[in-house]
Amino acid sequence: MIACPYCYETFSARQIMFRCHGRTSRLGKQCALRPDPVLTARRGARGDLGPTFRPDGWAGGKTNIATCPDCGGETTYRICPVCHSQLPAQFGMIGSRMIGMAGAKDSGKTVYMTVLLHELRNRVGAQYGAAVMGADDETLRRYTGEYEDELYVRRHLFRATQRPAQRDGLVDPLVFRFTANPGGLRGGRAQPTLMSFFDNAGEVWLSQADTDVDSRYLGCSDGILLLLDPLQMAGARELAAPGTPLPGAGPRYASPEAVLTRVTNMLRTRNRGGRRKIDTPVAVVFTKIDALWHTFDEGSPLRSAPRTGGRFDTSGSLDVHEEIRHLLHSWEGSQIDRMLQADYPRHRFFGVSSLGRAPTGDNEVAGHGIQPYRVADPVLWLLSEFGVIARTRQGR
Ligand SMILES: Nc1nc2c(ncn2[C@@H]2O[C@H](COP(=O)(O)OP(=O)(O)OP(=O)(O)O)[C@@H](O)[C@H]2O)c(=O)[nH]1
Ligand SMILES: [Mg+2]
Ligand SMILES: [Zn+2]
Ligand SMILES: [Zn+2]
């Protein structure tokens, strides 16, 4: 079974469907273009499109090309049988990994995703000899127009992400193609991997019912980025550097423990047996570390830059993991550690700062611009868990 990077529903390769190009065929026929009600219901209006069809036999998964039964024209548009989104080139033939993000309102999800992808496409990508490209035109247009330019050019932070009203609460994910450098790969071949990022509205974590519906994509994610804001934890909040804008608190905000509890309940319910541990790797990412730097010891791994050598640095990452476990006591979050130990055999702590410093009082990027700290570590760890990038052995 494979999962659609847009709707996260699963199906087998032979169920993949096609959409007619809608151009005049060799037979001189042309299919009419009209809105696709399935696509509209799932992802909102997408304009006029050619008709969809199932190819003969079970060619769907095996071929990139099919003949439209109505006009006889050949088409290369492969679509998801559930949501009718056009699938990225090579989908089903290359690895595809869904990375779902979860985190309370204001925890920094949208800023993190924007900076992470910028880093992967630039500095970190260069270190790993990796290329990261939008897997479809819409991803690239949306990422650049709505996210990257907003933060890097206009220097504005984001308004709270909204839940889409009609479409079953599912936001459109951004889908990227990650191609690691051949030398850094286990098999030695540059196999691209599709990465699908879901940035949901944090308010869904306020109730278990909303979580179950709006975050069901986490159930079919191959890896989870769980963003926790230390400034939403009582112990750390009072340590924050003076002048740091503090996230909201109160009933409109779910505490990090509450978010983790709801994610766990949702994943356990999907885990049929219910009692088994959750085997999805979970990167537990503490955001806005810049607000707490002044409280860390001189030699803290959270003050040093990650080692880069084209491989994921296992020891350095474990040092950060232990440091955060330690810090959780003073942040009044040791329960988080216990909850993870109980249910998630594959979890790892990370500390990041997307901006590198607090934003200004009116929530704009401050003077020196964006200086991210360790933002790529969590995703590089997930990619190393998937076997997409190599990692150093423990103890170096
Ligand atoms: N100090 C500091 N503050 C940050 C950082 N990243 C985000 N923030 C602050 O956190 C606020 C919320 O960030 P968002 O990324 O919009 O939060 P979100 O999790 O997407 O929130 P919702 O969309 O409402 O769920 C920002 O407006 C900033 O004020 C960071 O790296 N350091
Ligand atoms: Mg957001
Ligand atoms: Zn046709
Ligand atoms: Zn789909």
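The values are calculated or read from the model by the stated rules, or taken from the named source; none is laboratory data. As the structure is a prediction and not an experimental result, all values here were calculated from the model. For neighbour counting, all protein chains shown are included, and Cβ atoms are generated from backbone atoms with ideal geometry for every residue, glycine included. Just so you know, the surface numbers come from the protein's heavy atoms only, side chains and all, with ligands and any DNA or RNA stripped out. Shrake-Rupley method; radii C 1.70, N 1.55, O 1.52, S 1.80 Å.
Here are the numbers:
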| quantity | calculated |
| --- | --- |
| Dipole magnitude of region 73-172, debye to nearest 20 (Cβ charges: Lys/Arg +1, Asp/Glu -1, about Cα centre) | 320 |
| Value at 222 nm in deg cm²/dmol, rounded to 500, when DSSP H runs of n ≥ 4 in the chain each add -39,500 (n - 2.57) | -6500 deg cm²/dmol |
| For the chain, accessible area per residue (1.4 Å probe, heavy atoms of protein chains only), Å² | 45 |
| Of L327, L383, L355, the one that fluctuates the most in a GNM where the chain has Cα springs shorter than 10 Å | L327 |
| Cβ-based net charge around A131, under 10 Å, with every Lys or Arg adding one and every Asp or Glu removing one | +2 |
| Region 100-169: relative contact order in percent, alpha carbon pairs under 8 Å with at least 6 residues between | 30 |
| Protein-only accessible surface order, largest first, of H84, H21, H368, H156 at 1.4 Å | H368, H156, H21, H84 |
| Cβ-based charge dipole, region 205-296, positive-most Cα from P245, I278, Y217 | I278 |
| Net charge of Cβ neighbours under 15 Å - reference L340; Lys, Arg +1; Asp, Glu -1 | +2 |
| DSSP-defined antiparallel bridges as percent of all bridges, the chain, nearest 5 | 50 |
| Net charge, A240 excluded, C-beta distance under 11 Å - Lys, Arg +1, Asp, Glu -1 | -1 |
| Largest-first principal axis extents, alpha carbons of region 51-156, Å | 50, 31, 25 |
| Paired Rg and Dmax values of region 267-396, which use every Cα atom, in angstrom | 16.3, 52 |
| Inter-site label distance for H326 and E238 at 7 Å from Cα along Cβ, in nm | 2.2 |
| Taking the chain and dividing mean pair separation by its residue count, relative contact order in percent (alpha carbons under 8 Å, at least six apart) | 16 |
| Reference-scaled alpha-carbon Rg (2.2 N^0.38 Å with N residues) for region 1-93 | 1.03 |
| Where D210, D172 fall by accessible area, highest first, once all protein chains stay in place (1.4 Å) | D210, D172 |
| Shape metrics for the chain, restricted to C-alpha atoms - Rg then Dmax, Å | 22.0, 74 |
| √(5λ) per eigenvalue of the Cα gyration tensor, region 192-304, largest first, Å | 29, 18, 13 |
| Heavy-atom accessible surface of the chain: percent carbon and sulfur, 1.4 Å | 47 |
| Listed peptides 97-110, 329-342 by packing density, highest first (mean Cβ within 10 Å) | 97-110, 329-342 |
